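The values are calculated or read from the model by the stated rules, or taken from the named source; none is laboratory data. Predicted, not measured: the structure shown is a model, and the values here were computed from it. When we count neighbours, we look across all protein chains shown, and the Cβ atoms used for this are built from the backbone with ideal geometry, even at glycine. Side chains are part of the model used for accessible areas, which takes the heavy atoms of the whole protein and leaves out ligands, DNA and RNA. Shrake-Rupley method; radii C 1.70, N 1.55, O 1.52, S 1.80 Å.
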Amino acid sequence: MSVFRSGLLVLTSPLSALSLRLVPILASAARLVQDTLYVHLQPGLSLTGSTQPRSTYVPATSEVCTLISKLYADADVHAHLDVRVLLTNILNQGTAPPALGSVQNLSQPPEVVLTDFETGDGGQSNPVKQRLERYATSCYSCRPNLISVLLYPEYELEAVDGELLPQPETGATDEPLQSHSDVVVGGTFDRLHNGHKILLSVSCMLAEKRLLLGISDKDLLESKMLKELILPYEQRVAQLSEFLVDVKPSLQYEIVPLLDRFGPSITDPHLKCIVVSEETLKGGLAVNKKRMENGLAELALHEIMLAGDAQHGKNEEEKISSSSLRYRLLGTLLRPPQKDSSLPPFPYIIGLTGVSGTGKSSIAQHLARLGAFHLDVDTLGHDIYAPGGPVYDQVVEAFGGDILKEDGTIDRAILGAKVFGDQGQLKRLTNIMWPVMAQMAKEKIEEAAAQGATVCVLDAAVLLEAGWADMVHEIWTVILPEEEAISRIVVRDGISEEAARKRLQNQMPSSQRVKHSHVVLCTMWEPEDTYEQAEKAWALLQKRLKEE
């Protein structure tokens, strides 16, 4: 069977049976669809008979809400699938149904339509397939030459002597959800995942007219794990907007940046409800306290349960979370490197960089153990200061004899005091040093090539500042939370916390380095975790080199 980039899954089973069948149905769909899978809930829909079936409206109830949450949670094991449950035909009490017969445009028009509807003939019923295709195109924009597939997954469930096993207790009822004209929800919404989609879907079902979304930005991101890997605000908004317009285009969406933890939730008089999770319930209560202080009515609080991540690993959260997704990016290729014809293919040069205290050297040494040629450019920088070295005379002439010790060597502490904090003096020094260091590095790389090295790690803290990116095939950056880096520098170098902080302030920040990087590693956990990241990156590199 062909694999399709996008698909539409029409679910016709009764809701009570569907909850038990979701896992095998999604597994079958995941084998056919590789990117976007839209899901259309239409319990009781029949694709047999003489008349063409039409879409009907499903009331937004607690049972439907629970089913949608379970669907997203069950789909999380299929990491390649971008699942989107369409809510156009799921209506709350306060919303008038749209005109029947209108076709909804989807951002990724489906190439295949799938269904759990069973015909009893092993999926070969052409009339049923034709009705399914016509039904799909009557509801949504689909690709030309739409293909239909009747799924017959192996249900490991229900029949014991012909009786359906009871559904597990979920607390869900068919009571209508209490809807509200204007609903607000907030979050970081980084790398939109199925936990986010549960939160957003519930918010959409509760909202009659408007959904206000606050997206955390700037200072609110500072405490996030691996904050350097959080997508830019504009990109997060674009992903969010596409998802929302796909699942419920009838709502008015207002997306604003959150620069504090309240945003417009405490000032907008039109808001009626705030959607929170178990983790953010206290924040919702704080919002209501602020609203009362501002003379505004309290918001109804609608709490959702967090979805567990059945695949979470070490250093990852038990819930589906953006932090875990960012952790899984460590050691992977974030963006393909551009081929530079001016660089010889071998040795393949990795530029390894990171601010002071991040543990860059330990990663470089581990890569050397894995088989890389390790070129420590920072050590070269120390060596060229020696008397008779290539920059000794120039540095003494530029900065004066008072930088010399009694034995004639350059006192790097005195030299550092002269240049750090003075951009003009620092540039004067780097203009002397960096060209010499670059030339020495090139000579060392040639030596590595002569020795038959296939991969060379150019270990350089100033790789990007010095403009040496054109000397390497890929840039790998090591990151670490600033406070942890400061603590390590204090212990390692025996300097004050203030001096360590100033040292970092004089270096390119990690967030800026990551923007230029192909691979990112982090050393905030145990050494074996760091080595696992390096080994993952090394294995993926070897695979890329074999494919070239």
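Out of T454, T477, report the one residue that is of a type in the set (S, T, Y), touching a residue at least 40 places away in the same chain (Cβ under 8 Å) and closer than 24 Å to S341 by Cβ. Give the steps one after another, and end with the answer.
Numbers: T477 fails: closer than 24 Å to S341 by Cβ.
Of T454, T477, the one residue that is of a type in the set (S, T, Y), touching a residue at least 40 places away in the same chain (Cβ under 8 Å) and closer than 24 Å to S341 by Cβ is T454.
Considering only the range 1-59, how many residues are outside any loop (DSSP other than H, G, I, E, B), more than 25 Å from N92 (Cα to Cα) and of a type in the set (G, A, S)?
So the count comes out to 6.
Does R261 count as among the charged types (D, E, K, R), touching a residue at least 24 places away in the same chain (Cβ under 8 Å) and in a loop (DSSP other than H, G, I, E, B)?
Yes, satisfied.
Quick one: in the range 288-306, which of the residues that are in a helix (DSSP H, G or I) and open to solvent by less than 70 Å² (accessible area, probe 1.4 Å) is nearest to V275 (Cα to Cα)?
N288
Report yes if some residue within the range 318-333 is more than 30 Å from V478 (Cβ to Cβ) and in contact with a Lys or Arg (Cβ under 9 Å, 6 or more places away or on another chain); otherwise report no.
No, that holds for no residue.
Here's a check for you: in the range 37-47, which residue that is aliphatic (A, V, I, L, M) and under 16 Å from R134 (Cα atoms) is surrounded by the fewest Cβ atoms within 10 Å (Cβ to Cβ)?
Step by step, filter the range 37-47, then rank; the result is L45.
Answer with yes or no whether Q252 is over 22 Å from the mean Cα position of the chain (by Cα) and either open to solvent by 20 Å² or more (accessible area, probe 1.4 Å) or modelled with pLDDT under 95 (or both).
Details: over 22 Å from the mean Cα position of the chain (by Cα): yes; either open to solvent by 20 Å² or more (accessible area, probe 1.4 Å) or modelled with pLDDT under 95 (or both): yes.
For Q252, the condition - over 22 Å from the mean Cα position of the chain (by Cα) and either open to solvent by 20 Å² or more (accessible area, probe 1.4 Å) or modelled with pLDDT under 95 (or both) - is met.
Checking L231 against (1) assigned to a loop (DSSP other than H, G, I, E, B); (2) open to solvent by 50 Å² or more (accessible area, probe 1.4 Å); (3) modelled with pLDDT of 95 or more, which test does it fail?
Unmet for L231, out of (1) assigned to a loop (DSSP other than H, G, I, E, B); (2) open to solvent by 50 Å² or more (accessible area, probe 1.4 Å); (3) modelled with pLDDT of 95 or more: (2).
Among the numbered conditions (1) of a type in the set (S, T, N, Q); (2) more than 30 Å from P435 (Cβ to Cβ); (3) within 25 Å of the chain's Cα centre (by Cα), tell me where S487 comes up short.
The number of the failed condition is (3).
Collect the residues in the range 264-274 that are open to solvent by 10 Å² or more (accessible area, probe 1.4 Å), outside any helix (DSSP H, G or I) and in contact with a helix residue (DSSP H, G or I) (Cβ under 7 Å, 6 or more places away or on another chain), keeping them in residue-number order.
I274, the sole residue that qualifies.
Hey, E483 hits all of (1) surrounded by 15 or more Cβ atoms within 10 Å (Cβ to Cβ); (2) modelled with pLDDT of 95 or more; (3) of a type outside the set (A, V, I, L, M, F, W, C) but one; which does it fall short on?
(1)
Can you report the number of residues in the range 522-536 which are within 16 Å of S361 (Cβ to Cβ), of a type outside the set (S, T, N, Q) and in contact with a Gly (Cβ under 6 Å, 6 or more places away or on another chain)?
0
Test G331 against the criterion of being of a type in the set (G, A, S), closer than 23 Å to C456 by Cβ, touching a residue at least 60 places away in the same chain (Cβ under 8 Å) and surrounded by 14 or more Cβ atoms within 10 Å (Cβ to Cβ), and give yes or no.
So G331 passes the test.
Go through the range 496-514 and count every residue that is aliphatic (A, V, I, L, M) and either over 19 Å from V419 (Cβ atoms) or open to solvent by 60 Å² or more (accessible area, probe 1.4 Å) (or both).
Of the residues in the range 496-514, the ones aliphatic (A, V, I, L, M) are 499-500, 504, 508, 514.
With the extra rule that they be either over 19 Å from V419 (Cβ atoms) or open to solvent by 60 Å² or more (accessible area, probe 1.4 Å) (or both), the set shrinks to 514.
Here the count works out to 1.
If R54 passes every condition in (1) within 30 Å of the chain's Cα centre (by Cα); (2) under 21 Å from V128 (Cα atoms); (3) of a type in the set (K, R) but one, which one does it miss?
Single failed check for R54: (1).
Within the range 307-324, can you find the residues that are assigned to a loop (DSSP other than H, G, I, E, B) and either within 20 Å of P527 (Cα to Cα) or open to solvent by 70 Å² or more (accessible area, probe 1.4 Å) (or both)?
Listed by number, the residues that qualify are A310, Q311, H312, G313, K314, N315, E316, E317, E318.
Can you pull out the residues in the range 515-534 that are in contact with an Asp or Glu (Cβ under 7 Å, 6 or more places away or on another chain) and open to solvent by 10 Å² or more (accessible area, probe 1.4 Å)?
H518, M524
Check Q178, Q239 and return the single one that is within 21 Å of T88 (Cβ to Cβ), in a helix (DSSP H, G or I), touching a residue at least 12 places away in the same chain (Cβ under 8 Å) and open to solvent by 50 Å² or more (accessible area, probe 1.4 Å).
None of the other options fit; the residue is Q239.
Checking R31 against (1) farther than 24 Å from M205 by Cα; (2) in contact with a Phe, Trp or Tyr (Cβ under 8 Å, 6 or more places away or on another chain); (3) open to solvent by 20 Å² or more (accessible area, probe 1.4 Å); (4) not acidic (D, E): exactly one of these is not met. Which one?
(2)
Kindly indicate which of S50, S19 is touching a Lys or Arg at 6+ places or on another chain (Cβ under 8 Å), within 26 Å of T119 (Cα to Cα) and either open to solvent by 30 Å² or more (accessible area, probe 1.4 Å) or at pLDDT below 95 (or both).
S19
Identify all residues within the range 60-84 that are crowded, with 21+ Cβ neighbours inside 10 Å, in a strand (DSSP E or B) and over 16 Å from the mean Cα position of the chain (by Cα); write none if there are none.
Selection gives R84 alone.
Name, by its number, the condition in (1) modelled with pLDDT under 95; (2) of a type outside the set (G, A, S); (3) over 29 Å from S342 (Cβ atoms) that does not hold for R369.
It fails just one condition, (1).
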